[in-house]
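Chemist: The following block contains the structure, expressed as C-alpha cells.
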4 protein chains.
Amino acid sequence: MLQRLDRTEVLRRLPFWKAAEGREAITRSIVFGTFNEAFGFMTRIALAAERLDHHPEWFNVYNRVEIVLTTHDASGLTDRDVALATLIDKAADARA
Amino acid sequence: MLQRLDRTEVLRRLPFWKAAEGREAITRSIVFGTFNEAFGFMTRIALAAERLDHHPEWFNVYNRVEIVLTTHDASGLTDRDVALATLIDKAADARA
Amino acid sequence: MLQRLDRTEVLRRLPFWKAAEGREAITRSIVFGTFNEAFGFMTRIALAAERLDHHPEWFNVYNRVEIVLTTHDASGLTDRDVALATLIDKAADARA
Amino acid sequence: MLQRLDRTEVLRRLPFWKAAEGREAITRSIVFGTFNEAFGFMTRIALAAERLDHHPEWFNVYNRVEIVLTTHDASGLTDRDVALATLIDKAADARA
C-alpha cells in the first residue's frame, strides 16, 4: 500500500530538502524572524499532519525549526513524506 | 496609566479597521484561503496577545476571522489596541 | 450521504450542549482558568477539526470559548457534529 | 541581573526533570496519548514562553515531547528556567 520511493528521486523534487545522515529520511532547517513566526508555522504544519495522518519529527529553538520526514511503516520515504514536505515548503514561503 | 485614545484618530492610523457598532471598539474581518491558514494566523495573534497581555475578542468560522479590539479597563481604545492591531495587520499580510 | 439527525435526540447524548437559538445547531460555552488554557484547548479542537474535516463556529474572549456546531451541507446536525462535540467535551474535561 | 542557580538545587525543586548531558541544562521527556494532546500542550508552553520571554529547546515526534531548558545569557540555569519548568509540569499534569 505504502510504496517506498527512491530518496535521490524525492530530493530532486524537493530542492529545499537534503538527505538525513544515517537514516532513510529527508531534512530541512528553516529560520524565521521570531519565535512567533516559527510557532505559527509549526501550528500550520501540525494541522496539516493531522489531516494527512503523517507526522514530522521536529526540533525548535526560538526562531529555528528543524524537520525530519520519513515513513516508519515503510522504513523509508513515501508519497506521504512528499505531501507533507510540499505543505511545509508552501507554509515556509509565507514568511516575509 | 492607560490613556484612552480617540477612535477617529486611531482608525486614521489603521486603514484595515473600522468602528465596531454600538461599542467603543474597532473591528477587522480577514478571509484566508483555508482553515489551516486562518488558525496559523490565530496562533500568531494568541502568542502576541500573551506577550502584550492584551487579548482580542474574536470569532472564527472556517477561513474567516473577525476580530474586535478594545481595552476594558479604559472603557475604550488605548495604545494596547493599536499595538495588537498593528501585529494583526502584519501577520495577516504574510498570507500569500 | 450526510444523514441529518434529530436535534432533540442529539442533545440527549450531549448533556453539556444546548440548542442554538434560531438555527438548527447546538452550542456550548466553556470557561477556562486563563487564556493560555483556553487557547491550548482551541488548538486541540482545531487539530481535531482538520482530521474530521468538520469545523466549528467559535468565539473567544480571554478565558471563555463559545462554540456552535452544525453541518452546512445538511442544513442541520449530522454524525460529524456529534463526533466533534464528543472530542470537545473530552478536551474540555482535561482542564482542572 | 540574571542570577545563575545551582543545578543540583534546581533539580531538587523539580522532581520530573533531570540534568542534561554535557550541558548546564535540565531536561524532561513527556509522553502523551496522541499527537493532538502533545501539540495542545506545546501550544500552551509556547504561549507561556512568549509571556516569560524565555523559550525552550524542544523536540517532538508524534505523542512524545522532549524539552531542554537553559538560559543562554547566563550560561546556565536561572529563575526563568524554574518558572518555565513549573508551567510545563502544570500543563503536563492536565493530561488525563
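The values are calculated or read from the model by the stated rules, or taken from the named source; none is laboratory data. What you are looking at is a predicted structure, and each value in this text was computed from that prediction instead of being measured. We place every Cβ from the backbone using ideal geometry, glycine too, and count neighbours over all the protein chains shown. Protein only, heavy atoms only, side chains kept; ligands, DNA and RNA dropped before computing areas. Shrake-Rupley method; radii C 1.70, N 1.55, O 1.52, S 1.80 Å.
Chemist: Protein chains only, probe 1.4 Å: how do B:89, D:93 rank by accessible area, largest first? Mind showing how you got there, number by number?
Modeler: Working: B:89 20, D:93 105 Å².
From most exposed to least exposed: D:93, B:89.
Chemist: Chain pair C, A: how much accessible area is buried, both chains summed, with a 1.4 Å probe, in Å² to 100?
Modeler: Numbers: alone 6040 and 6020 Å², together 11440 Å².
Adding both sides of the contact gives about 600 Å².
Chemist: State the percentage of accessible surface on chain B attributable to carbon and sulfur atoms; use a 1.4 Å probe and exclude ligands, DNA and RNA. Let's see the in-between values first.
Modeler: On the way: 2220 of 4650 Å².
Using a 1.4 Å probe with all protein chains present, chain B comes out at 48 percent carbon and sulfur.
Chemist: Provide the per-residue ³J(HN,Hα) series for the range B:30-47, in order, calculated from phi with Karplus coefficients 6.51, -1.76, 1.60 and θ = phi - 60°, each as a whole number of Hz, with x at glycine and proline positions.
Modeler: With the stated coefficients, the range B:30-47 comes to 10, 10, 9, x, 8, 5, 3, 5, 4, 6, x, 4, 4, 5, 4, 5, 4, 4 Hz.
Chemist: Could you work out the relative contact order of chain A, using alpha carbon pairs under 8 angstrom and six or more residues apart, expressed as a whole percent? Mind showing how you got there, number by number?
Modeler: Numbers: 137 pairs, mean separation 33.1, N = 96.
Contact order relative to length: 34 percent.
Chemist: Something else now. Under a 5 Å amide H to amide H cut-off, with H placed in plane at 1.01 Å, what residues pair with residue D:94 once short-range neighbours are removed?
Modeler: Amide H to amide H, under 5 Å and 5 or more residues apart or across chains, residue D:94 pairs with nothing.
Chemist: Here's something else I'd like to know. Given a 10 angstrom Cα cut-off, can you work out which residue in C:78, C:27, C:43 is the most mobile in a GNM of chain C?
Modeler: Of C:78, C:27, C:43, the most mobile in the Gaussian network model is C:43.
Chemist: At residue D:29, label 7 Å along Cα→Cβ: distances to the other copies, nm, ascending?
Modeler: Listed shortest first, these distances are 2.3, 4.5, 5.0 nm.
Chemist: Where is the GNM fluctuation largest for chain A (alpha-carbon springs, 10 angstrom cutoff): A:11, A:47, A:77?
Modeler: Checking each option, the largest mean-square fluctuation is seen for A:47.
Chemist: Using the Cα gyration tensor of the range B:43-96, with a ≥ b ≥ c the square roots of its eigenvalues, what is the shape: rounded (a/c below 1.5), prolate (a/b larger than b/c) or oblate (neither)? Numbers along the way, then the final one.
Modeler: Working: a/c = 2.00, a/b = 1.54, b/c = 1.30.
Taking the square roots of the gyration eigenvalues as a ≥ b ≥ c, the range B:43-96 is prolate.
Chemist: List, shortest first and in nm to one decimal, how far the label point of residue B:89 (7 Å from Cα along Cα→Cβ) is from its counterparts in the other copies.
Modeler: Distances to the matching label points in the other copies: 3.4, 4.4, 4.5 nm.
Chemist: Can you work out ³J(HN,Hα) from phi for every residue in the range C:79-92, in order, using Karplus 6.51 cos²θ - 1.76 cosθ + 1.60 and θ = phi - 60°, giving whole Hz and x for Gly and Pro?
Modeler: 4, 5, 5, 5, 5, 5, 4, 5, 5, 4, 4, 5, 5, 5
Chemist: Work out the length of the dipole vector of chain D about its Cα centre, built from +1 on the beta-carbon of each Lys and Arg and -1 on the beta-carbon of each Asp and Glu, and round it to the nearest 20 debye. Intermediate values should be presented prior to the final figure.
Modeler: Values: 13 positive and 14 negative charges, 50 e Å.
Dipole size: approximately 240 debye.
Chemist: As a test of the formula, what do you get for chain D when each DSSP H run with n ≥ 4 contributes -39,500 (n - 2.57) and the sum is divided by the residue count, at 222 nm and rounded to the nearest 500 deg cm²/dmol? Before the final figure, lay out the partial values.
Modeler: Values: 3 runs with 40 residues, N = 96.
It lands at -13500 deg cm²/dmol.
Chemist: Moving to a separate point now. What does the accessible area of residue D:28 come to, in Å² to the nearest 10, when a probe of 1.4 Å is used?
Modeler: Answer for residue D:28: close to 20 Å² accessible.
Chemist: For an R0 of 35 angstrom, estimate the FRET efficiency from the Cβ-Cβ distance between residue A:13 and residue B:86 and round to the nearest 0.05. Intermediate values should be presented prior to the final figure.
Modeler: Values: r = 39 Å, r/R0 = 1.12.
Efficiency computed from Cβ-Cβ geometry: 0.35.
Chemist: Shifting gears a bit: Determine the shape class of the range B:1-60: with a ≥ b ≥ c the square roots of the Cα gyration tensor eigenvalues, call it rounded for a/c under 1.5, and otherwise prolate if a/b is greater than b/c, oblate otherwise. All intermediate terms of the calculation are to be shown ahead of the outcome.
Modeler: Details: a/c = 2.35, a/b = 1.46, b/c = 1.61.
Cα axes put the range B:1-60 in the oblate bin.
Chemist: Can you give me the long-range amide H partners of residue C:5? Hydrogens built in the peptide plane at 1.01 Å from N, cutoff under 5 Å, separation of 5 or more residues or another chain.
Modeler: Here the answer is C:77, C:78, since their amide H atoms fall under 5 Å of that of residue C:5.
Chemist: For the rotation taking B to C, I'd like to know which residue in chain B has the C-beta closest to the axis, plus that distance in Å.
Modeler: B:59, 2
Chemist: State the Cα centre-to-centre distance between the range B:37-91 and the range D:33-68 in whole Å.
Modeler: First find each Cα centre; the distance between them is then 22 Å.
Chemist: What pairs in A:18/A:90; C:90/D:90; B:18/B:90; A:90/D:90; D:18/D:90; A:90/B:90 have C-alpha atoms more than 28 Å from each other?
Modeler: On the way: A:18/A:90 17 Å; C:90/D:90 19 Å; B:18/B:90 17 Å; A:90/D:90 35 Å; D:18/D:90 17 Å; A:90/B:90 19 Å.
Going by Cα-Cα distance, A:90/D:90 fall outside the 28 Å limit.
Chemist: While we're here: Run through every distinct alpha carbon pair of the protein assembly as shown and return the Kirkwood hydrodynamic radius in angstroms, one decimal place. Please list the in-between numbers first.
Modeler: Working: mean 1/r = 0.0447 Å⁻¹.
Final number for the Kirkwood radius of the protein assembly as shown is 22.4 Å.
Chemist: In whole Hz, what ³J(HN,Hα) sequence does the range B:65-70 give by Karplus (6.51, -1.76, 1.60; θ = phi - 60°), x for Gly and Pro?
Modeler: Coupling constants for the range B:65-70: 10, 10, 10, 10, 10, 7 Hz.
Chemist: What is the magnitude of the charge dipole of the protein assembly as shown about its Cα centre, with +1 placed on the Cβ of each Lys and Arg, -1 on the Cβ of each Asp and Glu, and no other charges, expressed in debye to the nearest 20? Write down the numbers at each step before the final one.
Modeler: Values: 52 positive and 56 negative charges, 0 e Å.
Value, rounded to 20: 0 debye.
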